[in-house]
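Just so you know, all these numbers are worked out from the coordinates, no wet-lab data involved. Worth saying up front: this structure is predicted, and the values here are computed from it rather than measured. Methodologically, a virtual Cβ is constructed for each residue, glycine included, from the backbone with ideal geometry; neighbour enumeration extends over all protein chains shown.
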Amino acid sequence: MKAVTYQGHKKIEVKEVNNAKLEKKDDVLVRITTTAICGSDLHIYHGLIPGMYDNYVIGHEPMGIVEEVGPDVTHVKKGDRVIVPFNIACGECFFCKNQMESQCDNSNDARDTGGYFGYSNTYGGYMGGQAELLRVPYGNFVPFKIPEDAELEDEQILFLSDIMPTAYWGVDSAGVKPGDTVIILGCGPVGLLAQKFAWQKGAKRVIAVDHVDYRLEHAKRTNHVEIFNFEKIKDFELHMLEITRGGADVVIDCVGLDAKRTAVETVETTLKLQGGSLGAFEFASKIVRKFGTIQLVGVYGLTYNMFPLGHLFERNIQLKMGQAPVIHYIPELYQQIKSGKIDATDIITHRLSINDAEHAYNIFDDKKDDCIKVVLKP
Ligand code: NAD
Ligand code: ZN
């Protein structure tokens with residue numbers, strides 16, 4: 001089958017690899033119809049995720065048609081149309097039963113975290129979904145079966161696999177409530193969707209921050225948020241404190257590690273910052289109000305050795321973070337899409353063949369061609 005493979009730092013290659021196949025009795029094999037590139041894939045691209053090796057198939061935002069099911073699968077059958085969420089989760093353990101599917105106890109033998117598609121041996125060693133075929137473990141729990149009567153295009157529901165429930169979870173678990181001022185760092189796909197959900201939860205002010213102007217303009221045009229380019233504002237953090245009169249109720253970091261700005265080096269499992277900007281988390285710790293909440297949706301893999309503990313402690317900040325438990329949010333968000341309450345298709349700027357993946361990674365990473373979100377067709 002054709003697949004997008006990792007070949008070392010900033011090297012992506014579309015290659016013929018062995019077909020994905022059923023391995024366990026409750027596996028499902030999905031023929032991918034549409035998939036996408038995520039900001040999380042850029043961390044892999046930049047070599048920030050340990051446990052990758054050459055020819056590893058990446059990608060974790062796929063959907064498609066069930067091609068084959070193992071003998072123990074009753075939840076879906078051949079021909080069903082499914083969304084494949086990025087969390088690999090058994091559905092049986094304490095975490096899966098309590099809506100914490102991103103930390104399933106049974107999906108990652110390698111470490112004490114959950115397993116994720118296409119995200120290295122560190123996260124379970126599962127191959128990814130930027131490919132023609134994908135093996136989906138725990139077929140009775142993981143895939144979301146799209147109702148047969150749904151007249152929704154792939155693009156309308158594709159982001160249920162990750163960034164839509166991730167953004168929703170970010171806003172929801174940060175406790176955004178009516179009247180809040182919310183600052184959202186990062187106007188990538190995740191930040192743009194978090195802006196929509198912040199309004200939905202009744203925020204009074206939604207402020208978007210980035211340093212890429214076309215993304216900020218997109219945010220203003222589509223989500224009617226206030227926008228700030230932090231590179232163009234002298235004393236950015238002070239300015240944010242002034243305009244919010246002491247800081248935001250909630251700051252949501254939709255950036256995470258930014259290899260371009262933080263000059264990072266990975267040493268096995270430790271990440272060393274070598275100067276440059278400390279990134280979004282550092283901003284967040286300074287522009288949140290006293291007793292406010294910071295939600296880290298952006299991925300900080302590995303050990304982050306510049307933790308701004310002092311800023312957080314002295315101002316009584318609540319800190320939340322992690323890989324989003326997306327599975328239990330999917331039915332509810334599917335209904336929102338179906339009823340027209342939410343539409344995320346406005347973030348799609350590029351629709352490309354999987355053959356063009358190398359180019360796609362390049363423009364998404366370099367913020368070229370006004371790229372925001374790339375959808376790939378196998
Ligand atoms: P993206 O790379 O397209 O967007 C990040 C944006 O942040 C870019 O526009 C960049 O210019 C901007 N930025 C960089 N430094 C900044 C700073 N200091 N302040 C404000 N903005 C800054 O990525 P994306 O697809 O939107 O994903 C965003 C983050 O969310 C990534 O870290 C990704 O790994 C993470 N993510 C997490 C989960 C989860 O489960 N927690 C799921 C999906 C994605
Ligand atoms: Zn993702």
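Spelling out what I want: for every residue of the stretch 77-85, take phi, set θ = phi - 60°, compute 6.51 cos²θ - 1.76 cosθ + 1.60 (Karplus), and round to whole Hz; glycine and proline get x.
Once θ is set to phi - 60°, the couplings for the stretch 77-85 become 9, 3, x, 5, 8, 9, 9, 10, x Hz.
What list of ³J(HN,Hα) values in whole Hz, one per residue of the stretch 39-52 in order, does the Karplus curve 6.51 cos²θ - 1.76 cosθ + 1.60 (θ = phi - 60°) give from phi, with Gly and Pro shown as x?
x, 5, 5, 5, 5, 5, 3, 8, x, 8, 10, x, x, 8
Can you pull a Stokes-Einstein diffusion coefficient for the chain at 4 °C (1.567 mPa s), Rh from Kirkwood over Cα pairs, as a whole number of µm²/s?
For these conditions, the coefficient is 62 µm²/s.
To the nearest 20 debye, what is the magnitude of the charge dipole of the chain about its Cα centre, counting +1 on the Cβ of each Lys and Arg and -1 on the Cβ of each Asp and Glu?
With Lys and Arg at +1 and Asp and Glu at -1, about 780 debye.
Around VAL326, with a cut-off of 10 angstrom between Cβ atoms, what is the net charge of the other residues, counting Lys and Arg +1 and Asp and Glu -1?
The answer is -2.
Once the Cα atoms of the stretch 104-263 are picked out, what are the Rg and Dmax in Å?
18.5, 54
What are the principal axis extents of the Cα atoms in the stretch 47-181, in Å, biggest first?
Result for the stretch 47-181: principal-axis Cα extents of 49, 42, 30 Å.
If you scale each eigenvalue of the Cα gyration tensor by 5 and take the root, what three semi-axes come out for the stretch 182-246, rounded to whole angstrom and sorted largest first?
18, 15, 8
Along the three principal axes, how long is the stretch 275-378 when you take its alpha carbons, biggest first, rounded to the nearest angstrom?
Answer, in whole Å and largest first: 49, 39, 23 Å.
Which of rounded, prolate or oblate describes the stretch 339-378 when judged by the alpha-carbon gyration tensor and an a/c cut-off of 1.5? Could the numbers behind the result be given before it?
Working: a/c = 3.93, a/b = 1.66, b/c = 2.37.
Oblate is the answer for the stretch 339-378, as a/c is 1.5 or above yet b/c matches or exceeds a/b.
Taking the inverse of the average 1/r across all pairs of different Cα atoms in the stretch 295-354, what Kirkwood radius in Å do you get? Can you show the working numbers first?
Working: mean 1/r = 0.0638 Å⁻¹.
With all distinct Cα pairs of the stretch 295-354 included, I get 15.7 Å.
Could you compute the net charge surrounding ASP154? Neighbours are other residues with a C-beta less than 10 Å from the C-beta of ASP154; K and R count +1, D and E count -1.
On the way: positive: ARG81, LYS377; negative: GLU153, GLU155.
Spelling it out: positives minus negatives among the neighbours equals 0.
Under the rule of at least 5 residues apart or a separate chain, name every residue whose amide H is placed under 5 Å from the amide H of LYS373.
Amide H neighbours of LYS373, under 5 Å, 5+ apart: THR349, HIS350.
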